[in-house]
1. Quick one: angle between helix 170-187 and the longest Cα principal axis of the chain, in degrees between 0 and 90, rounded to 10, please.
2. Averaged per residue, what accessible surface does the chain expose to a 1.4 Å probe, in Å²?
3. Determine which residues of the range 268-285 fall in the zone a paramagnetic label at LYS28 would reach in this model, i.e. backbone nitrogen under 14 Å from the point 7 Å along Cα→Cβ.
4. 7 Å from Cα along Cα→Cβ at both ARG189 and GLU450: what's the point-to-point distance in nm?
5. Residue separation times 0.36 nm, minus the C-alpha to C-alpha distance between GLU371 and VAL385: what's the value?
6. Using a 1.4 Å probe over the heavy atoms of the protein chains, calculate the carbon and sulfur portion of the accessible area of the range 152-245 as a whole percent.
7. How would the range 419-504 be classified by its alpha-carbon gyration tensor: rounded, prolate or oblate, with rounded meaning a/c under 1.5 and the a/b versus b/c comparison settling the rest?
8. Rounded to the nearest 0.05, what FRET efficiency is calculated for ILE461 and PHE96 with R0 set to 51 Å and r the Cβ-Cβ distance?
Amino acid sequence: MTPREPPPGGSGLFAAVRRPHRPGPEAKPTGRRLAGLSLIALGIVFGDIGTSPLYALRQCFDPEYGLEASQLNVYGVLSLIVWLLIFVVSIKYIVFIMRADNRGEGGILALLALLLQQERRSVDRRRRILLISLGLFGAALLYGDGMITPAISVLGAVEGIQVVHPHLSESFTVVLALAVLLALFVFQRFGTARIGGTFGPLMALWFLTIAVLGTAEIAREPRVLFALNPWYGLQFFMANGKTGFLVLGAIVLAVTGAEALYADMGHFGKRPIRLAWFALVFPALLLNYFGQGALVLRDPSAASNPFFLLAPNAVLWPLVVIATMAAVIASQALISGAFSLTQQSVQLGYSPRVTIVHTSHSEAGQIYIPEINNALMVGCLLLVVAFRNSTALGAAYGIAVTGTMAITSILFYVVARSRWNWSLLHIGTLTIAFLFVDLSLLAANAIKFEHGGWVPVAIAIVVFTLMSTWKKGRMMLNEILHAGSLPLSLFLDDVERRKPPRVAGTAVFMTSSAEGVPVVLLHHLKHNKVLHEQVVLMSILSEEVPEVPEDERVGVERLEQGFYRVTARYGFMETPDVPEVLTIAKAQGLRARALDTTFYLGREQIIIADRERRGRELSPRPGVRRAPERAEGAPRPMRLARWRKRLFVVMTRNARSATEFFGIPPNRVVELGAQVEF
């Protein structure tokens, strides 16, 4: 859930400009439209996997592995790279995983939301919790990926300067990489709408460039094409044993970014992504990897930096510039992905409110989140300073990628079985094959845990803890608050009987539940002893779909005593907006003048119960709400460890105010506080 920028001219409640709606992807674009979407997809979808040639093959022959740059080893490594690209990207993601779209939207949280729609019917609570935990941890791993990808991509690009000028120290490239990354993150606040149109052509230039460089070297050493035979991959393992298995941890760098194909599906649709992959990206990657391999066959010493050594000296500087631009584009895609992931987390209830700024008036996906941007910036800069080169940073890269890939395979299995009714033999065989590859890559990377692999795992554990704590804490808080509410019918009967004084205007009471009387209304009536002539009980609900159709957005129910129940529904890729809700409700019979409307919001102060009171039957302190007693036979209430309660309190205090969050004019808001004891 996100706020919009206030409309020009101030607090006009119903003068708000509609937030931009992102059009859904076209099902079957053709002709120029298909070509245009495919070109744009190059700049958004393929930046990560497209910059892997900067460091992937070099990492395989890092001295840490002790792998000699012999013909057998070069053939073996190339064969494994080729067949991983075919199996993981072309078959697993392009052919199968992209089928699991949530109304056109992809990504692990969209997949989780798709599962939750189905699992809501399931009575197996443990299964549901396990699937949610897997999905959340996979999403948490992507934040680690979002920190590492900009660092390793930019480092890998600027290290080309050391090929041009070998006398330059490593410190120079570190400082240059820090400067590029700092500028990249500072620029985020201005948005990418203005330059986004150039990303596609620039990445097309990148892929054509690496294809030409690779082709020229293959022409000099055509025998490298023998590596297309998968037998060389098997020979590589037989000849190198444990070392060959460990090198898988470097080979996986060639398929990083595969998850982006799925996550960005909602922007372009399946057909443009598939066309761009098979028509340009995949052939360019193959040509460049084979070109690097051919160079190493001719000159084994070139394994130290085979990508930049492909280029003649005369074009090294232009290549460094193009590589740096490609790395920045790849980084931008991961940063924007982290923003979108956070927006989805907020909407699905796994993150507190954050500051989300729309940087484009026409593109809904163009958003900027200062909190996430600052966290990613600090993380990226620290990674560059700590690891200092792309080879060392490669040790930290694989676990986040392979962990998310394995979790995606498991969730895809559940969707195919429970939603599509695929046979156990069909989907079981596919999943076993997927997991065999995913878990092999994960195991090869897990061995590098102490050499940097712990970084993405630590990031994921922190993010997962925050997300799960917030979700569970909000559910517990809502249970306590709803336990103190009244059935609406009883409340309306009481209003009719007591006839409290009514004042002119409209009062809007925000409530997270579409049932019962909100606590803030009870507080208002208790303390102020009056009601407005028109009272609106408004609930904004998040649905487990990307977008809710306009005709299903708002429902208005007219009640007795001048009361209205307004329910608004938004998808996890949409921006809820209270002024917009009231504008739509006006067409359904609700009349509310902007200057006569007051919004009432609750602000809860959470108090953690003293340990000394635990287990003792004491009446609550006056004005403090406590969790209701569990009736006999009722399900056990949720529990949080004391340290997680404290964490939840900190997150609550630092969440963005509901006034800004829902785009409510601040000069029309009244907040009523309540103390709640956990």
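The values are calculated or read from the model by the stated rules, or taken from the named source; none is laboratory data. Nothing here was measured: the structure is a model prediction, and the numbers come from that model. Reconstructed Cβ throughout: ideal geometry from the backbone, glycine too, with neighbour counts over all protein chains shown. For accessibility, only protein heavy atoms count, side chains too; no ligands or nucleic acids. Shrake-Rupley method; radii C 1.70, N 1.55, O 1.52, S 1.80 Å.
1. 30
2. Numbers: 28770 Å² over 678 residues.
Using a 1.4 Å probe on heavy atoms only, each residue of the chain averages 42 Å².
3. Residues passing the 14 Å test: 270-272.
4. It works out to 4.4 nm between the two label points.
5. Values: separation 14, 0.36 × 14 = 5.04 nm, distance 2.15 nm.
Gain in length upon complete extension: 2.9 nm.
6. On the way: 3270 of 4650 Å².
C and S atoms contribute 70 percent here.
7. Details: a/c = 6.11, a/b = 2.25, b/c = 2.71.
Oblate is the answer for the range 419-504, as a/c is 1.5 or above yet b/c matches or exceeds a/b.
8. Values: r = 29 Å, r/R0 = 0.57.
Plugging the Cβ-Cβ distance into 1/(1 + (r/R0)^6) gives 0.95.
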